[in-house]
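Below you'll find the structure, written out as structure tokens, and then a few comments.
No lab work stands behind these numbers, since they all come straight from the coordinates. Because the structure is predicted, anything quoted here is derived from the model rather than measured. Counting neighbours? That spans all protein chains shown, and the Cβs are built from the backbone with ideal geometry, glycine included.
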Amino acid sequence: MEYVQPPAGTLTTSLAALAAGVEPATIRDWVRRGILTRCGGSPLRPLYRIEDVQAARTAAKPTRRGQRSVQVA
């Protein structure tokens, strides 16, 4: 079931990614890493609170062992 419009104050994965300026895969990665938590929906169509997405966007992201670092020129 695709939401025509998610409930007030919540975002779907696609909308959360758009709001945070990242790809939907990044939103799913933040959930897996514990940076962002779901607030409802279903396992296939999770919902996120707008405030949580904004906090996750600015949260410190721990690096993973073996992860390549970004080179700033």
Inter-centroid distance (Cα atoms) of the range 4-20 relative to the range 26-52, Å: 10 Å
Among ALA25, LEU44, THR63, which residue has its Cα furthest toward the positive end of the charge dipole of the range 15-66, with +1 on Lys/Arg Cβ and -1 on Asp/Glu Cβ? THR63
